[in-house]
Amino acid sequence: MPLFETESLVLKTYNLAEADRIVVFFTREHGIVRGVAKGAKRLKSRFGSTLEPFSTVTLEYFQKEDRELVGIRRAELLRSSFAAASEPAFLHTFSYVADLLIAFVPPHDSNETLYRMVKACIESGSTTQGELAATRVYFELWLLRLGGYMPDWTTCHGCDRKLAPGETADIKADFHLLCSNCRKSRGGEVISGTHREIVRNVLRLPPREFAESVSAMGESAAEVSQVLKRIISGVIGREVASEKSFAVNF
Ligand SMILES: [Zn+2]
């Protein structure tokens, strides 16, 4: 039976049988991995508190060829998010992140860049609702970008012209942009220069600095998030709920 060791983020845990748990990991080297932690529900489990959601661990597991669930042999805590995860806003944000990752990333499909992005989001130290809302936009955009689903919003899709910094463009049904010369009718949904600046900032800044940059942009970041959620919904084939109650807290 092949044995693997890789740094991993704990995404979710479920109870299984009497004393066991199923744990969903996002691993650095092998993408999403689901495993059984035998005896993890016991008081004196050898896993201790290492399998709490959003912890970073060194994971050792073995894989049987015909089983989707791996056997977890060892998990050593590298970084705990236990204190942060007791805050409802943090839990809400990263449960959302975990659900989207599980929906988006096929099991055992390695994606180290995505791994590093998610880890940076968890470790960014964001705690306020505004910072966490910014973290969600950051995650949504990178998830789409790394999956190859994010249209290029720097140019007009009709004439290939680079859009000017403050220029407003129409957004098409396929989420590409059209400049005012190329659009066929008026009154459609638009993407402003501010919206595009938010996208640019996500792509050039670490999550913490992005959260600081976006606080002055208020509603615009929430509007970008609405569009990203629609793109994500199309990719995963189900509606991603919008979060109006959080959006106002930028
Ligand atoms: Zn154009």
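The values are calculated or read from the model by the stated rules, or taken from the named source; none is laboratory data. From a predicted model like this one, the values you see are computed outputs, not experimental measurements. Neighbour counts are summed over all protein chains in view; Cβ atoms, including those assigned to glycine, are modelled from backbone coordinates with ideal geometry. Heads up: the accessible areas ignore ligands, DNA and RNA and are worked out on the full protein's heavy atoms, side chains in. Shrake-Rupley method; radii C 1.70, N 1.55, O 1.52, S 1.80 Å.
Going by the alpha-carbon gyration tensor, a ≥ b ≥ c the square roots of its eigenvalues, is the chain rounded (a/c under 1.5) or, if a/c is not under 1.5, prolate (a/b greater than b/c) versus oblate? List each step's numbers first, then the result.
On the way: a/c = 2.68, a/b = 2.01, b/c = 1.33.
Note, shape of the chain comes out prolate.
If contacts are Cα pairs under 8 angstrom and at least 6 residues apart, what is the relative contact order of segment 81-197 in percent? Each step should come with its number before you reach the end.
Details: 96 pairs, mean separation 21.0, N = 117.
Relative contact order comes out at 18 percent.
The relative contact order of the chain comes to 15 percent, based on Cα pairs under 8 Å that sit 6 or more residues apart. Gain on full extension, evaluated as 0.36 nm per residue between ARG238 and ASP152 minus their Cα-Cα distance, stands at 28.6 nm.
Maximal additional length on extending the LYS41-VAL190 stretch stands at 48.5 nm, based on 0.36 nm per residue less the C-alpha distance. Protection proxy ranking of 224-234, 59-69, by the mean of other Cβ atoms within 10 Å over each peptide's residues and highest first, is 224-234, 59-69.
Where the accessible area of the chain is counted over protein heavy atoms with a 1.4 Å probe, how much of it, in %, is carbon and sulfur? It would help to have the intermediate numbers written out before the result.
Numbers: 6140 of 12250 Å².
Carbon with sulfur: 50 percent of the solvent-accessible area.
Modelled label positions at SER95 and LEU205, each set 7 Å beyond Cα in the direction of Cβ, lie 2.8 nm from each other. Using the alpha-carbon atoms, what tilt in degrees (0 to 90, nearest 10) does helix 88-104 show relative to the longest principal axis of the chain? Between the helix axis and the principal axis of the chain, the angle is about 90 degrees.
Distances between placed amide hydrogens fall under 5 Å for VAL240 paired with SER233, all partners being 5 or more residues away or on another chain. Shown for the chain: lysine pairs separated by 8 or more places, or found on different chains, whose C-alpha atoms are under 22 Å apart, numbering 13. Calculated mean residue ellipticity at 222 nm for the chain: -11000 deg cm²/dmol, from DSSP H runs with n ≥ 4 weighted as -39500 (n - 2.57), summed, divided by the residue count and rounded to 500.
For segment 182-207, backbone nitrogen atoms closer than 15 Å to the point 7 Å from GLU219 Cα along Cα-to-C-beta are found at 190-195.
Rounded if a/c is under 1.5, else prolate if a/b beats b/c, else oblate: with a ≥ b ≥ c from the C-alpha gyration tensor eigenvalues square-rooted, which is segment 71-166? Could the numbers behind the result be given before it?
Details: a/c = 2.92, a/b = 1.63, b/c = 1.80.
Oblate, because a/c is 1.5 or more while a/b does not exceed b/c.
By the beta carbon rule, with partners counted only under 4.7 Å, the chain holds these lone Cys residues: CYS121, CYS159, CYS182.
Can you give the FRET efficiency to the nearest 0.05 for ALA173 and GLU60, using r as the Cβ-Cβ distance and R₀ = 35 Å? Let's see the in-between values first.
Numbers: r = 47 Å, r/R0 = 1.35.
Rounded to the nearest 0.05, the efficiency is 0.15.
Distance from the Cα centroid of segment 29-72 to that of segment 117-186 is 36 Å (rounded to whole angstrom). Sorted on the mean count of surrounding Cβ atoms within 10 Å across their residues, most packed first, peptides 92-98, 206-212, 75-81 read 92-98, 206-212, 75-81. Probing with 1.4 Å while keeping every protein chain in the model, the per residue accessible area of the chain equals 49 Å².
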